[in-house]
Amino acid sequence: MASAGGQSGGGRQKAKIMKIAKSIAGVATGLGMLATTLVLPAAASVPAESAPTITGIVAASGGDFDRNLDDYDILLTAVQAAGLADLLNDPALSVTVLAPNDRAFVATARDLGFRGIDEAGAWNFLVAALTELGDGDPIGPLTTVLQYHVVGEDLDYRAVRTGGERITLAGAPITPQADRSINDADPDNVDPKLNFFRSNIDAANGTVHTINRVLLPLDLGQDASSIADIVAESGGDFDTDLKDYDLLLNALDAAGLVEALDDGSTGLQDITVLAPNDLAFVMTARDLGYHGFDEAAAFDFIVAALTELGDGDPIPVLTAILTYHVLPGEQDYREVRTGGVAATVNGATINVNPDRTLGDQAPSVTDARLLFPRSNLQATNGVIHTINRVMIPIAL
């Protein structure tokens, strides 16, 4: 089946954030070298019996990019690069720092189009974004972003959460909400949330509260792609890359659902799509009796099975299956994973289990599993989480 959806989405894919991604290689190395040449002020000058300064708390992470996403390696690198370590080491300060941990930087980079989960890749992606925003110099925007995370008074967790609007050192306000989210200047991207278990970290010159996204002090606008655009990036041609969405794009096009996942007036808004990649379709076909790994053959096998289920017409069954992969409401990876029984746009439910499997209505077919490295793909009209099987809304 021809991928008309892929062609219609192609013209929308030169969004600002996508262009940012292409410029990473040329700009990240310079700033990375700059960060490594900067030396932290002597946090060791603080007496051992005293609480460390804010710089000391952040510096305890070491600054080496690693696989521990719960500390502050990226924040430390950013603070050093922006020359703010001295400021946050000043014992005369009395401030509150909303500190994105490494997971927060990675999540924000993914919201903006980054596809990986590694600290170095996320940092380089964000450097490229800041370089474009700064007309070739990332330090100005980086400094503003970091200052936007500092409130000029010492506040505990409860005071931050219930205090309403707060003015930051960047001069722009943030507005904490009762649900722990913090409204920043960008209404389109995911708002950070306070991490209760990593808050109220006492420093000699203030308090540190960990947050799960980077606060954005400006409106980046609707430059990011819609869900339809992200799926359409695969192109729709059957190939040997089993990690993208060629089969899904062809299925959506055949069912006439591409427009429903676009960000137009008729498209669905604030949704969560559990998106089977090409390997998911192939593995589901194999679960049902197919014996190869070819995308085109797997798609033909599934179409034949749906045709039989639909008494000669595969489209109604295909539509039911595809809408079974859409959840109302925008849910990040953690929210989906802890959701228990989830209702779908199809009307049928799935069971989200602690091991990341998604129990569907076909007990004889292998359950789908959430793939974290390809989850939290932020779109203008929702979020995508990749799964490793096609979910089936009927008993087979």
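What the table shows:
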quantity	calculated
Residue ranges of strands (runs of 3 or more DSSP E) in region 262-378 with at least 2 members crowded, with 19+ Cβ neighbours inside 10 Å and among the hydrophobic types (A, V, I, L, M, F, W, C)	271-276, 326-328, 349-352
Residue list for region 83-98, restricted to those being part of a strand (DSSP E or B) and surrounded by 24 or more Cβ atoms within 10 Å (Cβ to Cβ)	96, 97, 98
Contacts under 9 angstrom Cβ, first residue in region 77-102 being over 14 Å from residue 142 (Cβ atoms), partner in a loop (DSSP other than H, G, I, E, B) and aromatic (Phe, Trp, Tyr), 6 or more apart	98/148; 99/72; 101/72; 102/65; 102/72
Whichever residue in region 116-131 is under 16 Å from residue 145 (Cβ atoms) and of a type in the set (Val, Ile, Thr) and, among such residues, is surrounded by the fewest Cβ atoms within 10 Å (Cβ to Cβ)	131
Positions within region 178-207 being more than 21 Å from residue 335 (Cβ to Cβ) and surrounded by fewer than 22 Cβ atoms within 10 Å (Cβ to Cβ), in sequence order	185, 200, 201, 202, 204
Residue pairs meeting the criteria (Cβ under 6 Å; at least 6 apart or on separate chains; first free of Cβ contacts under 8 Å to residues at least 12 places away in the same chain, in region 153-182; second among the β-branched types (Val, Ile, Thr))	165/175; 173/167
Condition met for residue 327 (touching a residue at least 40 places away in the same chain (Cβ under 8 Å), within 22 Å of the chain's Cα centre (by Cα) and assigned by TED's automatic domain parsing to the domain that holds residue 289)	yes
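The values are calculated or read from the model by the stated rules, or taken from the named source; none is laboratory data. Computed from a predicted structure; not experimentally measured. All Cβ positions, glycine included, derive from the backbone under ideal geometry; neighbour counts span all protein chains shown.
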